[in-house]
Amino acid sequence: MSSKTVINIGRAYTRFPLGRKKQHGKGSGEEFRELFLLPALQGESPTVVIELDDTLGYGSSFLEEAFGGLVRAGYKPDFLKSSLSFISDDPSLVEEINSYIDEAAKK
Amino acid sequence: MIELAASWFPYVAKGISVLIAWLLVVAGWAVANDLAAQRDRRRAELEKVDRLRDGLAVLEGEAAAHHTQGFDDERWRMLTRRLKHISVECAHFERLGIISRDWRSLNLEMRKAVTDANYSAGSYAVEQLYGQRMSDIYHAIDAFRAFLFKAHEAKFAKTDSVSDTLKRIVRAG
């Protein structure tokens, strides 16, 4: 059964998504992945819409850990790219996330 | 009949010459007006690109301060805001046709260089001003700056000829 989840990072998680690991402080990519992305990706054909614009900026370490970390957690890049969609005024942010998914798959 | 035509001819010829002169004045005004509008638009675009370059200089200073002077929560947040502003401005400039979409990959590399590591209180370590991390940051910012210089030069060098302007005015109706 398909499910659709909308995640607004700035409103639902933190306005400052900057770090990589939970032990490094609040607003980490690891915590975001565990609290929001992994639950949203459960089910047969999930659709996850991620709204990126309501934060005060991003650290690449957060983005890499949150989205590249999904590949390391066992998700295939093709599945992630068909399940995740992004809304942002900054197209470079979406390109960056996709690059982390691709790079994590190569490692 | 011939006599009648001959008596009208000077008036018709004068009328045509007045009409041609009037058309030339109108066309000249339209061309001058259009060129002035273009020049103003280009100047405004150049100023925007210049402001963005100034923003990069500030970013470089803030990035250096963040990575080499110890973790400071306010500075760290300011730096993140600066990076976001640069991205949003570039996206806006791309939509306006001021810069090409090539900014995206350069911006990605720059954000990555500044924020991919050493970017949380818990993982922070002071870096050398001319160490590897700072060299990567300078390199990424320089590449972005070079891109903006090229965008600036392309805008600066671009001037339409009078015939191009006339064609555009005619096309615009």
Taking chain A and dividing mean pair separation by its residue count, relative contact order in percent (alpha carbons under 8 Å, at least six apart): 31
Sequence-distant lysines (8 or more away, or on other chains) whose Cα lies within less than 20 Å of B:Lys155: B:Lys48
FRET efficiency, 1/(1 + (r/R0)^6) with R0 25 Å, evaluated for A:Thr47 and A:Gln23 via beta carbons: 0.20
Net dipole in debye of the protein assembly as shown [+1 Lys, Arg Cβ; -1 Asp, Glu Cβ; about Cα centre; nearest 20]: 320
Using θ = phi - 60° and Karplus 6.51 cos²θ - 1.76 cosθ + 1.60, couplings along the stretch B:65-78 (whole Hz; Gly, Pro as x): 4, 4, 7, 10, 10, x, 6, 10, 4, 5, 4, 5, 5, 4
The stretch B:94-173: chymotrypsin sites (Phe, Trp or Tyr not before Pro) falling in loop per DSSP and having at most 11 other Cβ within 10 Å: B:Tyr130
Of A:Lys22/B:Lys112; A:Lys4/B:Lys112; A:Lys106/B:Lys150; A:Lys21/A:Lys107; A:Lys81/B:Lys84; A:Lys107/B:Lys84, pairs whose Cα-Cα distance is over 22 Å: A:Lys4/B:Lys112; A:Lys106/B:Lys150; A:Lys81/B:Lys84; A:Lys107/B:Lys84
Likely footprinting exposure, B:Arg51, B:Arg168, fewest C-beta neighbours within 10 Å first: B:Arg51, B:Arg168
Crossing angle, helix B:103-115 versus chain B [Cα axis fit, 0-90 degrees, rounded to tens]: 20
Segment A:Asp89-A:Arg72, length gained on full extension (0.36 nm per residue, minus Cα span): 3.3 nm
Cα-centred dipole magnitude for chain B, charges only on beta-carbon of K, R (+1) and D, E (-1), debye, nearest 20: 480
Two-site label geometry, B:Asp72 and A:Ser82: point separation in nm, points 7 Å out along Cα→Cβ: 5.0
FRET E, pair B:Leu46, B:Ser163, Förster distance 30 Å, beta-carbon r, rounded to 0.05: 0.75
Of the trypsin sites (Lys or Arg not before Pro) in the stretch B:76-152, those whose Cβ has at most 12 other Cβ within 10 Å and which sit in DSSP loop: B:Arg101
Under 14 Å from the A:Ser3 label point (7 Å along Cα→beta-carbon), backbone N, the stretch A:62-92: none
Amide hydrogen neighbours beyond the local backbone of A:Thr55, cut-off 5 Å, H modeled: A:Gly10
For chain B: rounded, prolate or oblate by the Cα gyration tensor [a/c cutoff 1.5]: prolate
Cut-off under 5 Å, modelled amide H: who pairs with A:Ser3 long-range: A:Ser45, A:Thr47
Size of charge dipole - the stretch B:51-93 - debye, nearest 20, with Cβ of Lys, Arg +1 and Asp, Glu -1, no other charges: 160
Nitroxide proxy distance, nm - points 7 Å out along Cα→Cβ at A:Arg15 and B:Asp102: 3.7
Net charge, A:Lys22 excluded, C-beta distance under 11 Å - Lys, Arg +1, Asp, Glu -1: 0
Sum of side-chain charges, B:Gly61 neighbourhood, beta-carbon under 13 Å (Lys, Arg +1; Asp, Glu -1): -1
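Bear in mind that the values in this text are calculations on the coordinates, not laboratory data. The structure displayed is predicted, hence computed values, not measured ones. Every residue, glycine among them, receives a Cβ derived from its backbone with ideal geometry; neighbour counts consider all protein chains shown.
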